[in-house]
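Worksheet: the structure to be examined is printed underneath.
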Amino acid sequence: MAAITHKEFVSKYKSGEIGLTINPNKAGDFVLCKFANKYNKPAHLFWTWTGVILTFPLSIVLIFISWPYAILSFIVGGFIISGARKSACQFVAENMVQDEKFWFYVLLHNGAVAKDKEGNIYTPNIEDLNV
């Protein structure tokens, strides 16, 4: 593991020297955290809840009305939830480049891994954090 500052991370990430792997199961939580960009939160909440409602409650109700619509609702809801997770990962990656506090928060809570092509993992340099 190598310590890196946010400025070094941004330059290496933009040049392609470092790749970023974001945990899709935690990305939504990071989008909603206090350090994240506030403009991404409403979209994430809307699409996540739309997917959840289509997948579970609406599907259960539609079973009693028309089972083909229930199956369709379940499938569409699953696609929406999957898309919301991918979108959350993109939001996290963009915010990590833009905001040092958010970058530190995500890496500190194991929401992402920054690696180079040789497999070296980069962690934040705590001494250089300007919080």
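Read-outs: derived from the displayed coordinates by stated rules, not from any lab. Computed from a predicted structure; not experimentally measured. Glycine gets a Cβ as well: all are built from the backbone with ideal geometry, and neighbour counts include every protein chain shown.
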Among the residues of the range 6-30, the number that are acidic (Asp, Glu) and surrounded by fewer than 16 Cβ atoms within 10 Å (Cβ to Cβ) is 2
What tally of residues in the range 64-106 results from selecting those that are within 11 Å of residue 30 (Cα to Cα) and touching a strand residue (DSSP E or B) at 6+ places or on another chain (Cβ under 8 Å)?
-> 6
Cβ pairs under 7 Å, 6+ apart, first in the range 39-62 and basic (Lys, Arg), second in a helix (DSSP H, G or I) | 41/31
